[in-house]
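Asker: Dropping a structure here in structure tokens format, bear with me for questions.
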Amino acid sequence: MNKIDLACIIDDDPIFVFGLKKIMEVSNFCESILIFKNGEDALSNLSAIINKDEKIPDVILLDLNMPIMDGWQFLDEFVKIEPSQRITIYIVSSSIDPQDINKVQKYKNIRNYIIKPVTLERLTEILKEYSN
Amino acid sequence: MASLQNNLYNVVQQQPEIWNFLQEHATFGYLLFQKNELQDAFLSNTLKVHLAKVIDDFDDSLLGLYSYTYLEENQTIETEFSYSIKALCSKTGKFQKIESNNSTIILVVFPLRDITIIDSIVGKYRFSLEEKLRISESAFKNNFENAAIGMAIITLDGKWHKVNNRISSMLGYTKEELSKLTFQEITFPEDLEKDLGLLKKLTNGNIPYYQMEKRYFHKSGKIVYGILAVSMVHDEKGNPLYFISQVIDITASRAAEEKIKKLLHTSREQNERLHNFAHIVTHNLRSHSSNFSMLLELYQTENEDKEEILKLLIMASDNLKETIHHLTEIVNLNSSIEEKMETIDLYPEVEKVIESVHSLAEKDDVNLINDIPKGVKIFGVPAYLNSIFLNFITNGIKYSSPERESFVKISAEKLQDYTEISIADNGLGINLDKHGDKLFGMYKTFHDHEDSRGIGLFIAKNQIDALNGKVKVESTENKGTTFKIYLKNE
């Protein structure tokens, strides 16, 4: 079974980030976590990591609705710098707008769309899914 | 005719000499009926000559134009002419009815000396004919003058030769004024070419008439929408004489149509706004509710950190309260405000707002300039206007650039129906390519600022919408932003 080494959360809601971090710890989801508060923050930091050839995240949990640069804008920019090693991206949003859910199909690097709240059970499933 | 004559030969025992003699010297004629309808009539030459004397334009071929009804002797025949002949028969003439081969022939023979009777009867006939013509002419004139639709006789060069009352009321000119104008002069320029093209085809005989929708200029300058139908009158030789035009005024129904379209547009817009709002509500409430359930799940599993989770639960509840407050504010915005609208003097209104944000501007060292000309007024709700200015001006202060002397300048220019209010700053600016479509969205922020909540512009936009206004934005990153607000003058 593949364990997730480094996971990355991109979300502007501190309460959600806190909760998700805790659930990740409880479910033993990964070794370490990177947190960015919006798309732009994530993009600049991730591109620096890629450029310096440091450890890149195995999984990104990406919120859609964020200030400055939202999830979609991040994805549009990120495909341009994404390294050959594939990063598994999950959309984690409270949006149940079918427009958002359908839009996922346009992005090949998105693994799945997770509607908030993220529960322990759901996170364990993701972990299983990733490992296989 | 040959078969008729054969019949007559039968009548005169097939002796042509007698027939010729009768035709030349006797005053007689016949009417041929078939199944009660007149098929033919014959008048002997002497009768014709006499009739020609008393009727100026007598033409025996005209007999065929009238429909005769055959009736038994002594019954009334309604058609004027046949009545006179019948009368002649019964009074002085010899009247004989002959039937053969489904045909009925009435042979009338009467002596010349009774011609005076014919005179009086034919005179009566003529009188009634003239009367009928007069009646139909006056009926036509009446019809023309008072028709519900516009009617006009137009000369070949386009002059209003004769117009009815409707045309003159429709276009606002008296008949006399119109007679000095051509239709070309008062046709909406964009419709003239089509009209003239069709008119040419009509004159050339390519088409028998035409119909088109066109616009005229009313004397007052406003546009009159009409449906025009044109046909042409020729002289005996086929040369064009003049045009006959009929115009139906559809301005009112056009206006109603426009109004309906506008209403439809408004309701579609409102519907869309409601739809968006429903999304905003579900999304924003969902994000809080999911936080609650996540924290509660943690609360149940985690042992050590209960205190911290509780703190976060309180924070989440405060956030929810704030969101609900914002949503309520927006709901109240969109409910009926028409009755609260009033005329507002812009300059003092802006002064008030500048006064209230004075300390904020001073802290960030931003110069606020009220450049609104005195006396410019708009139609709106004072509380909304205040909030709109407050939002745009504080926005300008919040996103001022620390690298230069900053300002926010408010100016206004009166346009035709709207007043354009500009709120210009030389601050950080916004990348409109990236954020343009979300600029006025709820909880959208574009700068990393401690006070950014993404609610100000959203509410301001909703308030402007509620006032039937519009807002536009121009911005260059690191140069500044100009918001242009369009509000109704009255």
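The values are calculated or read from the model by the stated rules, or taken from the named source; none is laboratory data. Being a predicted model, the structure only gives us computed values, none of them experimental. All Cβ positions, glycine included, derive from the backbone under ideal geometry; neighbour counts span all protein chains shown. Just so you know, the surface numbers come from the protein's heavy atoms only, side chains and all, with ligands and any DNA or RNA stripped out. Shrake-Rupley method; radii C 1.70, N 1.55, O 1.52, S 1.80 Å.
Asker: What is the range B:262-369 by shape, rounded, prolate or oblate, if you read a ≥ b ≥ c off the alpha carbon gyration tensor as root eigenvalues and call it rounded for a/c under 1.5, prolate for a/b larger than b/c, and oblate otherwise?
Answerer: Because a/c hits 1.5 or more and a/b fails to exceed b/c, the range B:262-369 counts as oblate.
Asker: Moving on to the next point. In deg cm²/dmol, rounded to 500, what helix-only [θ] at 222 nm does chain A give when every DSSP H run of at least 4 residues adds -39500 (n - 2.57) and the total is split over its residues?
Answerer: Calculated from helices alone, the mean residue ellipticity at 222 nm is -13000 deg cm²/dmol.
Asker: Per residue of the range A:66-77, what does 6.51 cos²θ - 1.76 cosθ + 1.60 with θ = phi - 60° give for ³J(HN,Hα)? Whole Hz please, x for Gly and Pro, Karplus curve as stated.
Answerer: With the stated coefficients, the range A:66-77 comes to 9, x, 6, 9, 7, x, 5, 4, 4, 4, 4, 7 Hz.
Asker: Rounded to the nearest 100 Å², what is the buried accessible area between A and B, both sides summed, probe 1.4 Å?
Answerer: 2400 Å²
Asker: Also: For a quick check of understanding: with a 1.4 angstrom probe and all protein chains in place, what accessible area in square angstrom does B:Val331 have, to the nearest ten?
Answerer: It works out to around 80 Å².
Asker: With heavy atoms of protein chains only and a 1.4 Å probe, what residues of the range A:1-38 have at least 10 Å² less accessible area in the full set of chains than alone?
Answerer: Listed by number, the residues meeting the 10 Å² cut-off are A:Asp13, A:Pro14, A:Ile15, A:Phe16, A:Phe18, A:Gly19, A:Lys22, A:Ile23, A:Val26, A:Lys37.
Asker: Keeping all protein chains in place, calculate the accessible area per residue for the range B:177-236 (probe 1.4 angstrom), answer in Å².
Answerer: Ligands and nucleic acids excluded, the result is 59 Å² per residue.
Asker: Any chance you could run the full-extension gain for B:Glu329 through B:Lys306? It's 0.36 nm times the residue separation minus the Cα-Cα distance, nm to one decimal.
Answerer: Length difference between fully extended and current span is 4.8 nm.
Asker: For the range B:470-478, in order, what is each residue's ³J(HN,Hα) by Karplus, 6.51 cos²θ - 1.76 cosθ + 1.60 with θ = phi - 60°, in whole Hz (x at glycine and Pro)?
Answerer: Result, rounded to whole Hz: 9, 9, 10, 9, 10, 7, 10, 4, 6.
Asker: What FRET efficiency comes out for the pair B:Ile223/A:Lys21, r = Cβ-Cβ distance, R0 = 56 Å, nearest 0.05?
Answerer: After rounding, the FRET efficiency stands at 0.25.
Asker: Let me ask you something else. Residue by residue, what Karplus-based ³J(HN,Hα) values in Hz, rounded to whole numbers, does the range A:43-53 have, using 6.51, -1.76 and 1.60 with θ = phi - 60° and x for Gly and Pro?
Answerer: So the Karplus estimates, Gly and Pro as x, are 4, 5, 5, 5, 5, 5, 4, 5, 4, 7, 6 Hz.
Asker: Same structure again: Give the accessible surface of the range B:305-391 per residue, rounded to a whole number of Å², with probe radius 1.4 Å and ligands, DNA and RNA excluded.
Answerer: Heavy-atom SASA per residue in the range B:305-391 reads 57 Å².
Asker: Do any residues of the range B:275-299 show a loss of at least 40 square angstrom of accessible area between the isolated chain and the full protein assembly, using a 1.4 Å probe, and if so which?
Answerer: B:His279, B:His283, B:Arg286, B:Ser290, B:Asn291, B:Met294, B:Glu297, B:Leu298
Asker: Right, something else. If we count every other residue with Cβ under 12 angstrom of A:Glu31's Cβ, Lys/Arg +1 and Asp/Glu -1, where does the sum land?
Answerer: Neighbourhood net charge equals -1.
Asker: Just the accessible area per residue of chain A, please: how many Å² with a 1.4 Å probe?
Answerer: Solvent-accessible surface per residue comes out at 46 Å².
Asker: Cβ under 13 Å from B:Leu178's Cβ, B:Leu178 left aside: what net charge do those residues give with Lys, Arg +1 and Asp, Glu -1?
Answerer: Net of charged neighbours comes to +3.
Asker: Tell me, what is the FRET efficiency for B:Leu274 and B:Lys352 to the nearest 0.05, using R0 = 30 angstrom and their Cβ-Cβ distance as r?
Answerer: The value I calculate is 0.40.
Asker: Three principal axis extents, largest first, for the C-alpha atoms of the range B:140-213, in Å?
Answerer: 32, 27, 21
Asker: For a quick check of your reading of the filter: which trypsin sites (Lys or Arg not before Pro) in the range B:157-249 sit in a DSSP loop and have no more than 16 other Cβ atoms within 10 Å?
Answerer: When the trypsin sites (Lys or Arg not before Pro) of the range B:157-249 are filtered for loop state and at most 16 Cβ neighbours within 10 Å, B:Lys180, B:Lys219, B:Lys222, B:Lys237 remain.
Asker: A follow-up question, please. So if I restrict to the alpha-carbon atoms in the range A:4-131, what is the Rg, and what is Dmax, the biggest pairwise distance, in Å?
Answerer: Both quantities, over Cα of the range A:4-131: 13.5, 38 Å.
Asker: Right, next: Checking the a/c ratio against 1.5 first, then a/b against b/c, what shape does the Cα gyration tensor give for the range A:58-132?
Answerer: Here the range A:58-132 falls in the oblate category.
Asker: Which of the residues in the range A:95-132 show a loss of at least 50 Å² in accessible area from their chain by itself to the complete set of protein chains, at a probe of 1.4 Å?
Answerer: Residues passing the criterion (a loss of at least 50 Å², heavy atoms only) are A:Pro117.
Asker: Report, to the nearest whole %, how much of the accessible area of chain A belongs to carbon and sulfur atoms, 1.4 Å probe, protein only.
Answerer: 47 percent
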